[in-house]
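Q: Structure in structure tokens, see below.
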Amino acid sequence: MTAREEAVLDVEGLRMRYGSTEVLRDVTLRVHHGEVVCLLGPNGAGKTTTLEILEGFRMRSAGRVEVLGTDPAHADERWRARIGVVLQSWRDHGRWRVRELLTHLGRYYAPYSSGEISRPWDADELIAAVGLTPHAQKKVRMLSGGQRRRLDVAIGLVGRPELLFLDEPTAGLDPVARREFHELVEGLAAQRHTTIVLTTHDLSEAEKLANRIMVLDGGRIIADGTAADLARRIAGEDQVRWTLEGRRHEHTTTESTRFVRELFERHGDGISDLEVRRASLEDTYLTLVRRAESGESTDAHAAESDNESYEVVR
């Protein structure tokens, strides 16, 4: 098995307890080289705690954790040089200028570099990569929110990490800055040099950036797959709307294609203004969380059969 085929993250039975409160319960996951994986979940689901354990910032209560083949709880500086971290917010000196800050930080990684791929970024090269060239001489406190978030990513990337953690990367950003940040992460993902793990509770962000989504709720992972996989897994319900004999109708179904075909077989040309709304990631997510919180299974289930009854839209 090559290094690229080995798991970058390999976690089994991870638990975290604060006093009598169990924050994480039996979290198990694997992430491979080049993946962009999103931990999706409501506030308080345990996303940040999971990342802090994987980053080596927090000791776990139980379970096995390997990150880049090493237990973060016993990692050394050479291991730390192989990961990048972008926190929800940074506390640093606003008087630093962008170029001098990145140049300064790059010096810490130089002793651990070997070869072209692992050498620290040249500051100007990195500034260009995150789109901050026009602001290289600005003091950090003079940057906009979007520019500041780009600098945060540059700080995380300065050592050319094999693994990059992004914790709620667009929290507090305006729509323009959010879109620019998404484009930046998509560009990094396209190069496939760095595995990316991010947390968010923004459904559209998860769907846009990640090629795998893990839904975390109640301290455990309740689903894992692409957005399409998750929608199929819970047999998400579609909404079909149409007009028949001057009346507007609506029907909810997990088999919209079959239902529409049978609808036309029964009513033919009498059908007009047909609309089909497919189950979205939001529908899937809400259904998964509802089932988990009510104790229902989140595994695939048999869809209820459609019958000929349908609701008239008033």
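Q: Looking for whichever is small (Gly, Ala, Ser) and either touching a Gly at 6+ places or on another chain (Cβ under 8 Å) or exposed (fewer than 13 other Cβ atoms within 10 Å of the Cβ) (or both) here; the options are GLY56, GLY34, GLY41, GLY46. Which one fits?
A: GLY46
Q: Considering only the stretch 266-273, I want to know if a residue exists there that is among the hydroxyl-bearing types (Ser, Thr, Tyr) and either surrounded by fewer than 17 Cβ atoms within 10 Å (Cβ to Cβ) or more than 30 Å from GLY145 (Cβ to Cβ) (or both).
A: First, pick out the residues of the stretch 266-273 that are among the hydroxyl-bearing types (Ser, Thr, Tyr): 272.
Now narrow it down to the ones that are either surrounded by fewer than 17 Cβ atoms within 10 Å (Cβ to Cβ) or more than 30 Å from GLY145 (Cβ to Cβ) (or both): 272.
Looking through the stretch 266-273, at least one residue is among the hydroxyl-bearing types (Ser, Thr, Tyr) and either surrounded by fewer than 17 Cβ atoms within 10 Å (Cβ to Cβ) or more than 30 Å from GLY145 (Cβ to Cβ) (or both).
Q: What pairs come out if I take residues in the stretch 143-169 that are under 14 Å from LEU198 (Cα atoms) and pair them with residues that are part of a helix (DSSP H, G or I) and of a type in the set (Ser, Thr, Tyr) whose C-beta lies under 9 Å away, six or more apart or interchain?
A: ASP167/THR48; GLU168/THR48
Q: Kindly list, by first and then second residue, each pair from a residue in the stretch 175-200 that is over 17 Å from LEU126 (Cβ atoms) to a residue that is of a type in the set (Asp, Glu), limited to pairs with Cβ atoms under 8 Å and residues at least 6 apart or on different chains.
A: If the second residue must be of a type in the set (Asp, Glu), the pairs left are ARG178/GLU205; HIS182/GLU205; THR195/GLU35; THR195/GLU162; LEU198/ASP167; THR199/ASP167; THR199/GLU168; THR200/GLU168.
Q: State which residue is modelled with the highest pLDDT when the search covers only the stretch 195-204 and only residues that are crowded, with 20+ Cβ neighbours inside 10 Å and either small (Gly, Ala, Ser) or touching a Pro at 6+ places or on another chain (Cβ under 8 Å) (or both).
A: That would be LEU198.
Q: Exactly one condition in (1) at pLDDT below 80; (2) surrounded by 15 or more Cβ atoms within 10 Å (Cβ to Cβ) is not met by GLY84; state its number.
A: Failing condition for GLY84: (1).
Q: Could you tell me which numbered condition LEU101 fails, if it satisfies all but one of (1) more than 18 Å from LEU164 (Cβ to Cβ); (2) more than 23 Å from the chain's Cα centre (by Cα); (3) surrounded by fewer than 19 Cβ atoms within 10 Å (Cβ to Cβ)?
A: Unmet condition: (3).
Q: Turning to a different aspect of this structure: Which residues, taken from the stretch 59-90, are small (Gly, Ala, Ser), without any contact (Cβ under 8 Å) to a residue 24 or more places away in the chain and within 22 Å of TYR18 (Cα to Cα)?
A: Correct list: ALA73 only.
Q: While we're here: Please enumerate the residues belonging to the stretch 131-150 that are modelled with pLDDT of 90 or more and surrounded by 15 or more Cβ atoms within 10 Å (Cβ to Cβ).
A: If the condition is that a residue be modelled with pLDDT of 90 or more and surrounded by 15 or more Cβ atoms within 10 Å (Cβ to Cβ), then LEU132, HIS135, ALA136, LYS138, LYS139, VAL140, LEU143 are the ones that fit.
The values are calculated or read from the model by the stated rules, or taken from the named source; none is laboratory data. These figures come from a predicted structure and were not determined experimentally. Please note: Cβ atoms are built from the backbone with ideal geometry, for glycine as well, and neighbour counts cover all protein chains shown.
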